[in-house]
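Student: Starting off with a structure, shown below.
What follows draws every value from the coordinates through simple rules; no lab data is involved. Not measured: the values here are computed from a predicted model. Reconstructed Cβ throughout: ideal geometry from the backbone, glycine too, with neighbour counts over all protein chains shown.
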Amino acid sequence: MDSLNKIFSQISTSNSIKSRKALNPISAKRIYFSGPYHRQNWSLPDSIIYYITKNPSTAKLFQKLVQMCKYFFIKNPIIIIKQFYNREKRELQAILEKIEKRIILSNISYKFWVTAGEIEPTSKIISSIIPHLYKIDVKQIRVCRQTFSFNDFVCFSKNVENIDLNHIILKKENVSNIPLEKLVEALPKLKNLSVNQHFDRYLITSETMKELLKIKHFPQIDVIRFDGLDDTFDIETFYDYMKKNKHTRFSFAFSFSYQLSDAYKNRLEEIIDEVIETQHHDYKVPLFTVPHSDIFKWFKMRELYYSE
């Protein structure tokens, strides 16, 4: 928000506008500024200045241009947003209200350029910002206890490398929940994936592992963490892939609130024993956290997991 204050420190509503309640959206046909101003005499041709205005290479450059001259914002009203954090309860409306104290946005096709390295958006923020999205440079997204439109979420996060999904549901219009593999398929730049599923918010299904293996960029993901798994997770498909995997670091935690079948738990123990007893691993060692399992085996596997 500090960056917004700097950008719009010289932008305000006309002196004739006494309050936000007096705004008439129909009559707001232009941007009004307060303070002295004069026409710029550019050292470059107007066509080049116009091109620079419409095609800023970075958000930092655009901020400097707007601070230097109001013309750039008039011709290309981009609002730079650097933070979205649920824990700070910063919603889109609060940001707009602060901006509107300095500028009339009613009839302006303003756009958002989200530049944060890490954000924690709500479904309300995403749905509100999508129609005005100019560009998103975010590398990491954390979301918790939300129900998102799948299309909106993918549009918002398609360039993201790190995603942490904590008890969320993805829906496509009125269709049933979207499984995790559909999200991974739509995010070709994904490098780190963390999913925590509990309380009927399930992204991982019995088909997830098979479907993930069909995705071209899946083997290039660096880290995958699944928490809250039950015995519907296809451990055999994973086991076959585990012996070939030389890149991705997998960590699977099974739910303590769900009773694994004896057959499934025994199979997990067999895989854990095999991994621990193998002297030289030509694959990335995974980490399994299984309720009520041998703690010493878990520590040994954890040691192998972090030493590879």
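Student: Thr289's amide H: which non-local residues (gap 5+, or another chain) put their own amide H closer than 5 Å, with H modeled 1.01 Å from N in plane and none for Pro or chain starts?
Tutor: Counting only residues 5 or more places away or on other chains, the set is Phe252, Ala253, Phe254.
Student: Work through the residues other than Asp231 whose Cβ is under 12 Å from its Cβ and net out their charges, Lys, Arg +1 and Asp, Glu -1. Could the numbers behind the result be given before it?
Tutor: Numbers: positive: Lys265, Arg267; negative: Asp230, Asp234, Glu236, Asp262.
Net local charge, Asp231 excluded: -2.
Student: Counting only Cα atoms, I'd like the Rg/Rh figure for the range 108-252, Kirkwood definition for Rh.
Tutor: Working: Rg = 15.5 Å, Rh = 15.9 Å.
Using only Cα positions, Rg/Rh for the range 108-252 is 0.98.
Student: Expressed as a whole number of Å, what is the distance separating the alpha-carbon centroids of the range 107-142 and the range 208-268?
Tutor: The range 208-268 and the range 107-142 have Cα centres separated by 32 Å.
Student: Take the Cα radius of gyration of the range 140-225 and divide it by 2.2 N^0.38 Å, with N its residue count; two decimals is plenty.
Tutor: After normalising by residue count via 2.2 N^0.38 Å, the value is 0.99.
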